[in-house]
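The values are calculated or read from the model by the stated rules, or taken from the named source; none is laboratory data. Predicted model, so just to flag it, every value in this text is computed and none were measured. Reconstructed Cβ throughout: ideal geometry from the backbone, glycine too, with neighbour counts over all protein chains shown.
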Amino acid sequence: MAVPKKKTSKARRDKRRAQHGIEAPRVNVCPNCGQPTRPHHACPTCKTYRGRDIEPLSSAGR
């Protein structure tokens, strides 16, 4: 089994963990109603996707 020969310093450990930060989700503007929406998702307020009206999925089919 591989065992490190030297202790990893706090500075080296924290430099590696600096890449793990949480970033805010990307947000676009709905062209129909102007509300913020997530990319590649239907608009939650006006229920449109790429300019077309959609019907929300019903949970009866599950």
Just to be sure I understand, how many residues within segment 24-62 are charged (D, E, K, R), modelled with pLDDT of 90 or more and exposed (fewer than 10 other Cβ atoms within 10 Å of the Cβ)? 1
Flagged pairs (Cβ under 7 angstrom, 6 or more apart or on separate chains; first in segment 39-55, free of Cβ contacts under 8 Å to residues at least 60 places away in the same chain; second assigned to a loop (DSSP other than H, G, I, E, B) and of a type in the set (D, E, K, R)) are 39/26; 53/47; 54/47
If only one of 7, 47 is out of contact with any strand residue (DSSP E or B) (no Cβ under 6 Å at 6 or more places or on another chain) and at negative phi, which one is it? 7
Scope segment 3-24; condition charged (D, E, K, R) and more than 30 Å from residue 37 (Cβ to Cβ); matching residues: 5, 6, 7, 10, 12, 13, 14, 15, 16, 17
